[in-house]
Amino acid sequence: MIWGLYPQGLAWNRESGVLNTFNNSCAYELVNVDARKEALLREADPRKTEELISDWEIDYGLPDECTPLAATLEGRRGALLAKIRARGEMTPEWYLRLAQDLGYDVDLEEWRPFVCAASQCGSTDMTGNENVRYVWSFRIFGTNQEYFVTGTSACGDPLGSWRDAAEFICRVNKLRPSHTKVFFFYEEARA
């Protein structure tokens, strides 16, 4: 490409000489600039960021009271994605997606009162007054486990880490509708 910018003629020897060495060094730097451009495009996606993860975290206020700084790059990306998506909805599916983004396996149950002629014998409907409609619960299966993954983990990341769902519980309590009550139950990991 660089040689194409020069005029044609005997004075512009393309086979050897100082000009050829100069053009090769310029070409090397152009290749580096192109590679950095590709890296910058990759860094613009928070799911793939490596070099700019700290800048992304600053932009979204991480770490915060709910999200300590994760030990691995993959954990930091997961926390960042959860924070980005935290501007979302108030549907059960959204809370389940939040748990998945943070690496937790959970089930969500919305409580409802037992109603004669509408509820069935043996149903899991709660007994109590109408206020039980504003109660819901999560069953958290196991702990969040992060492992070193070649290609996505960074040099210096631990080979593995485990933590309970304190981050998930904090986020749900911050984002839940204020008139509701949420309970959390830990259970053994699913097989």
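The values are calculated or read from the model by the stated rules, or taken from the named source; none is laboratory data. As the structure is a prediction and not an experimental result, all values here were calculated from the model. Cβ placement follows ideal geometry from the backbone for every residue including glycine, while neighbour counts extend to all protein chains displayed. Heavy atoms of the whole protein, side chains included, go into the accessibility calculation; ligands, DNA and RNA do not. Shrake-Rupley method; radii C 1.70, N 1.55, O 1.52, S 1.80 Å.
Scanning the stretch 140-173 for residues that are out of contact with any Leu (no Cβ under 8 Å at 6 or more places or on another chain), open to solvent by 80 Å² or more (accessible area, probe 1.4 Å) and under 15 Å from LEU102 (Cα atoms), we see that the one that is modelled with the highest pLDDT is ASP164.
Among the candidates ARG190, ARG133, ARG171, ARG139, the residue that is touching a residue at least 12 places away in the same chain (Cβ under 8 Å), in a strand (DSSP E or B) and among the charged types (D, E, K, R) is uniquely ARG139. Would a scan of the stretch 34-48 turn up a residue that is in a loop (DSSP other than H, G, I, E, B) and on the phi > 0 side of the Ramachandran plot? Scanning the stretch 34-48 turns up no residue that is in a loop (DSSP other than H, G, I, E, B) and on the phi > 0 side of the Ramachandran plot. For GLU57, the requirement of being farther than 26 Å from TRP136 by Cα and either within 14 Å of the chain's Cα centre (by Cα) or touching a residue at least 60 places away in the same chain (Cβ under 8 Å) (or both) is met. The one condition from (1) within 13 Å of the chain's Cα centre (by Cα); (2) modelled with pLDDT of 90 or more; (3) open to solvent by 100 Å² or more (accessible area, probe 1.4 Å) that LEU69 does not meet is (2). Considered as a group, the residues in the stretch 84-113 that are open to solvent by 50 Å² or more (accessible area, probe 1.4 Å), within 16 Å of CYS170 (Cα to Cα) and assigned to a helix (DSSP H, G or I) include one that is modelled with the highest pLDDT, and that residue is LEU96.
Counting only residues that are under 30 Å from ILE84 (Cβ atoms) and either of a type in the set (A, V, I, L, M) or in contact with a Gly (Cβ under 6 Å, 6 or more places away or on another chain) (or both), how many does the stretch 14-57 have? The total comes to 8.
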